[in-house]
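Below: one structure, written as structure tokens.
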Amino acid sequence: MKADPRAASVIRRLDEAGYASYLVGGCVRDALLGKAPKDWDVATAARPEQVLEVFSGCRVIETGLVHGTVTVLCEGLPVEVTTFRVDGDYEGNRRPKSVAFVSGIEEDLARRDFTINALAYHPAKGLIDLFGGAGDIEARRLRSVGDPDERFREDGLRILRALRFASVLSFDIDEALGASIRRNRGLLGNISAERILSELTKLLTGGGVRRVLAAYPDVLAVCIPELAPMVGFDQRNPYHMYDVWMHTAYAVEAAPEDGTIRLAMLLHDIGKPSSFFVDEGGIGHFYGHEEVGAGIADRRLRALKCDNGTREAVCALIRWHDVKLTERNLIKWLNRLGEARLRQLLEVQAADAKSHTPDNARAKLLGLEARKAQLEEIIEKEKCFSLGALAVNGTDLIAIGIPEGSEVGRVLNDLLDAVMDEQVPNEKQALLRRVWYHVSDGHDRGE
């Protein structure tokens, strides 16, 4: 594998000072996968104070001295350097109460979660692979280091991490690991909401997300209980060929790899089971499921400590995911939602359509492509769809006799509607003439 020269120089400097050091974990895994590592981590025999001494002439951040970690900034690259260690007893199925420093890399690698993360590399000595991680990378397989039950009892978040790695890397989960994930899924109840949401969002943006969702709905339902009724729920509708859960899994996969949009797709039909209705012909309907789903999503995302911006975006996309966008009403939805949100909604509707029956999907997707082209034309031609772009403002209206206050706002909104309906051009004199005509007409009628 090829290491960043700056990270390699950190190892070389520690070696020269007499401390064995290796690149470890995710950077080794990613490099073996042919991907550019996002982070570079080094494990070393040097104690934290010795690392500080070795790099005394460099900028060093004391990231977590109690756990043996410092961050060395090498020509702008942050390299996290951690002393070889083993973990003490874990508390709350999450964190070790203590760590103990050790002298060898072997014990350090043995404490890690999955074989693909229990790899070390030295530019001169090569790869250290004690648990078959390189073979698992080649086979695109996820296995635990040692007993998976023990790994999950140490840290329950590893359950979601396993699903996340399987999704992001498109790896298969080893049979023994998968069985342990299901056995221990209740441990997720001990994990903080913020960490669950972070892992869930990363999981959702993976290329292998559909297979993970299809295989582990019972695990995800520990985090979002309202998902459970969706599994196996027959829609009894000619537009659908999957149950609610599998429709959701395919829709998530069909969406762009964007956290907000994929979170919306995961939850877009969460209101269906409680909104189900069968008509006299035996056809299933879900009247009002969009509003019900938006309410469920709002409550669940609040419980998961989701930031307000993401929560509001997801709930809006769920609320409007079934709205019919037409040539005549698109500009009004642009006014209502704004450009960014409308673009997201078009992606949501396209992903939703792709998991319908093929004939229905084709018709929907053709319409959505036309709406996307129409949106580009509106933006390119700078058509007016907001009060800020209107050629008149409140001062202009007051100057021709409109009373200050709410009446100004009402008239401006009426003018904007008229412009969007192409009843009047967005030109100052044309707009003022329209206002004056209506005011004069009202006076003539004695209003």
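Restricting attention to region 122-150, the residues being touching a residue at least 60 places away in the same chain (Cβ under 8 Å), crowded, with 17+ Cβ neighbours inside 10 Å and more than 31 Å from the chain's Cα centre (by Cα) number 3. Name the single residue that is modelled with the highest pLDDT among those in region 51-63 being in a strand (DSSP E or B) and surrounded by 14 or more Cβ atoms within 10 Å (Cβ to Cβ). Ranking the qualifying residues of region 51-63, first place goes to V60. Of all the criteria given as (1) in a helix (DSSP H, G or I); (2) surrounded by fewer than 21 Cβ atoms within 10 Å (Cβ to Cβ), the one not satisfied by I196 is (2).
Can you confirm whether region 215-235 contains a residue that is on the phi > 0 side of the Ramachandran plot, touching a helix residue (DSSP H, G or I) at 6+ places or on another chain (Cβ under 9 Å) and surrounded by fewer than 15 Cβ atoms within 10 Å (Cβ to Cβ)?
We begin by selecting, within region 215-235, every residue on the phi > 0 side of the Ramachandran plot; these are 232.
With the extra rule that they be touching a helix residue (DSSP H, G or I) at 6+ places or on another chain (Cβ under 9 Å), the set shrinks to 232.
After this cut, where a residue has to be surrounded by fewer than 15 Cβ atoms within 10 Å (Cβ to Cβ) as well, the list is 232.
Taking every residue of region 215-235 in turn, at least one turns out to be on the phi > 0 side of the Ramachandran plot, touching a helix residue (DSSP H, G or I) at 6+ places or on another chain (Cβ under 9 Å) and surrounded by fewer than 15 Cβ atoms within 10 Å (Cβ to Cβ).
Of the residues D243, D269, the single one that is without any contact (Cβ under 8 Å) to a residue 24 or more places away in the chain and among the acidic types (D, E) is D243.
For region 27-49, residues that are under 21 Å from I61 (Cα atoms), surrounded by fewer than 18 Cβ atoms within 10 Å (Cβ to Cβ) and within 35 Å of the chain's Cα centre (by Cα) total 2. When the residues of region 300-315 are narrowed to those that are among the small types (G, A, S) and touching a helix residue (DSSP H, G or I) at 6+ places or on another chain (Cβ under 7 Å), which ends up surrounded by the most Cβ atoms within 10 Å (Cβ to Cβ)? The selected residue is A313.
In this structure, does P238 turn out to be farther than 25 Å from T205 by Cβ, assigned by TED's automatic domain parsing to the domain that holds T357 and assigned to a loop (DSSP other than H, G, I, E, B)? Here the answer is yes, as P238 does meet what is asked.
For region 251-258, does any single residue satisfy the condition of being more than 26 Å from the chain's Cα centre (by Cα) and crowded, with 17+ Cβ neighbours inside 10 Å? Steps first, answer last, please.
Of all residues in region 251-258, those more than 26 Å from the chain's Cα centre (by Cα) come to none.
No, every residue in region 251-258 fails to be more than 26 Å from the chain's Cα centre (by Cα) and crowded, with 17+ Cβ neighbours inside 10 Å.
The number of residues in region 107-147 being within 19 Å of R158 (Cβ to Cβ), of a type in the set (G, A, S) and out of contact with any helix residue (DSSP H, G or I) (no Cβ under 9 Å at 6 or more places or on another chain) comes to 1.
The values are calculated or read from the model by the stated rules, or taken from the named source; none is laboratory data. For clarity, every value in this text was computed on a predicted model and none was experimentally measured. So basically every Cβ, Gly included, is an ideal-geometry build from the backbone, and we count neighbours across all protein chains shown.
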